[in-house]
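Scroll down for the structure; my scribbles are underneath it.
Only the coordinates and a few stated rules stand behind these numbers; no lab work does. Note that the structure is a prediction, hence the values are computed from the model and not measured. Note that each Cβ is placed from the backbone with ideal geometry, even for glycine, and that neighbours are counted across all protein chains shown.
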Amino acid sequence: MSSTGLKHYHDKNYPAKRAVEVYFCDDRFPLINENMEFPMEQIHKDIDSGIVKGETLIDFSVTASANHLIPACNGFKDIYVVGVNKVNINEFEKWRQNKQDAVNFSYGAKVHHKLEGGRTSLLFSESQYSVKPPSREAWHVKEDKIRQAIKGVIQWDISNDDQVPVDLPQADCVLSLYLLHVISKDKEAFQSNLKKMTSRLKIGGSLLLFLATNMTFYIIDDHKFFFLTIDEDFMKQAVINAGFVIEKWNVLPSKKNCDLVDYDSIIHVRCRKERNA
């Protein structure tokens, strides 16, 4: 993908479980309120408002995380999860099959519990709130709801394969967290991958996209991994070129208190498909 010497998301030995544990499992990652809680909050708001709705959602997201699917399954009956490589799919399936060595997503349940409790924002100190975290039993109920909503886990490497899987249906919403950065070798590939990612989205359907500005790498266990660097201007033009009208554009500046990543901000884009690109 690149001559930078960095490791890549496509590597056969990509540490899928460690990627989730480092970045999406708990607040040992100091920026988890930015890279995970912020997307969960925005997904919750978009769906709870009734603006984003329908029957079917397709998820194209980085790693094997299921946290962002907690608010998603409140608005969509059928969810299809697309993974670009087998190692991440295998790790996701461990959780889906409730295996003992699967990643624990209970932290995401606590985040969603606070959202459902009427909290207006997650980006404040915990001392301002008295919402109790969900019980272990309540988290199992949420897990079961997500598992029941997932109708298929499909492998499709959109960066290398133009053929849409036959078992991937048309959808009312496409959701994606950070994936385009790690599978796109350059800006031209990013644009192409975005078009393929949304090729099964119905006209009038919603795209919920989460991206990072000016990020160049991420670290897992002392190994640096490739991350395509893009800015806001490019993001906006790429979405428009793919046939979308932008309805919402949120920018969350980074606190930059962590050496594992180097992004400037997290971007939340909600847009509606106007035409086929």
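With a cut-off of 14 Å, note down the residues of segment 37-70 whose backbone N falls inside the zone around a label point 7 Å from the Cα of Leu168 toward its beta carbon.
Only 57-62 fall inside the zone, counting backbone N under 14 Å.
Starting from the 7 Å offset along Cα-to-Cβ, what nm value, one decimal, do you get for the label separation of Asp11 and Asn160?
If labels sit at Asp11 and Asn160, their model points lie 1.6 nm apart.
Can you compute the modelled spin-label distance between Asp231 and Lys202, with each label point 7 Å from Cα toward Cβ, in nm?
Once both label points are built, they end up 3.9 nm from each other.
Take the Cα radius of gyration of segment 176-249 and divide it by 2.2 N^0.38 Å, with N its residue count; two decimals is plenty.
Working: Rg = 13.0 Å, N = 74, 2.2 N^0.38 = 11.3 Å.
Its radius of gyration relative to the 2.2 N^0.38 Å reference: 1.15.
In the structure shown, do any of Lys53/Lys248; Lys195/Lys224; Lys7/Lys185 have a Cα-Cα gap over 21 Å, and if so which? Intermediate results must be reported in sequence, preceding the final value.
Values: Lys53/Lys248 15 Å; Lys195/Lys224 28 Å; Lys7/Lys185 12 Å.
The pairs that break the limit, which is 21 Å between Cα atoms, are Lys195/Lys224.
Using the Kirkwood formula on the Cα atoms of segment 1-84, what hydrodynamic radius do you get, in angstrom to one decimal? Display every interim value, and only then the final one.
Details: mean 1/r = 0.0689 Å⁻¹.
Taking every pair of different Cα atoms in segment 1-84, averaging 1/r and inverting gives 14.5 Å.
Quickly estimate the mean residue ellipticity at 222 nm for the chain, helices only: each DSSP H run with n ≥ 4 gives -39500 (n - 2.57), and the total goes over all residues, rounded to 500. Mind dumping the intermediate values first?
Details: 9 runs with 85 residues, N = 277.
After summing the helix terms and dividing by the residues of the chain, the value is -9000 deg cm²/dmol.
Subtract the Cα-Cα distance of Asn98 and Asn241 from 0.36 nm times their separation in residues, and report this length gain in nm to one decimal.
Details: separation 143, 0.36 × 143 = 51.48 nm, distance 4.05 nm.
This chain segment gains 47.4 nm when fully extended.
Pull up all non-local amide H partners of Gly205: gap of 5 or more, or a different chain, and H-to-H distance under 5 Å with H placed in the peptide plane.
Excluding prolines and chain starts, which carry no amide H, the hits are Lys273.
Can you give the FRET efficiency to the nearest 0.05 for Lys86 and Asp144, using r as the Cβ-Cβ distance and R₀ = 30 Å? Can you show the working numbers first?
Details: r = 26 Å, r/R0 = 0.85.
That gives a FRET efficiency of 0.70.
Stretch Asn276-Val153 to full length: gain in nm at 0.36 nm per residue minus the Cα-Cα span?
Working: separation 123, 0.36 × 123 = 44.28 nm, distance 2.48 nm.
Computed gain between Asn276 and Val153 is 41.8 nm.
Can you work out D for the chain in µm² s⁻¹ from Stokes-Einstein, where Rh is the Kirkwood radius over C-alpha pairs, the temperature is 25 °C and the viscosity is 0.890 mPa s? Let's see the in-between values first.
Working: Rh = 18.8 Å.
The diffusion coefficient I find is 130 µm²/s.
Could you sort 244-256, 62-74, 83-95 so that the peptide with the highest average Cβ count within 10 Å comes first and the rest follow in order? Display every interim value, and only then the final one.
Numbers: 244-256: 14.7, 62-74: 24.1, 83-95: 19.6.
So the order, starting with the most tightly packed, is 62-74, 83-95, 244-256.
Over segment 1-99, what relative contact order in percent results from Cα pairs under 8 Å that are six or more residues apart? Spell out each step's value before the answer.
Values: 88 pairs, mean separation 28.3, N = 99.
Relative contact order of segment 1-99: 29 percent.
Explain nothing, just the number: dipole magnitude of segment 1-55 about its Cα centre with +1 on each Lys and Arg Cβ and -1 on each Asp and Glu Cβ, in debye rounded to the nearest 20. Please list the in-between numbers first.
On the way: 7 positive and 10 negative charges, 81 e Å.
For segment 1-55, the charge dipole is close to 400 debye.
Step through the residues of segment 51-64 one at a time and calculate ³J(HN,Hα) from phi using the Karplus curve (6.51 cos²θ - 1.76 cosθ + 1.60, θ = phi - 60°), rounding each to whole Hz and writing x for Gly and Pro.
Calculated HN-Hα couplings, in order: 6, 9, 7, x, 9, 10, 10, 10, 10, 10, 10, 6, 6, 10 Hz.
Between Ile219 and Val251, how high is the FRET efficiency from 1/(1 + (r/R0)^6) when r is the Cβ-Cβ distance and R₀ = 35 Å? Nearest 0.05.
On the way: r = 24 Å, r/R0 = 0.68.
Rounded to the nearest 0.05, the efficiency is 0.90.
Treating only the Cβ of Lys, Arg, Asp and Glu as charged (+1, +1, -1, -1), what charge dipole size does the chain show about its Cα centre? Round to the nearest 20 debye.
Details: 36 positive and 37 negative charges, 104 e Å.
It works out to roughly 500 debye.
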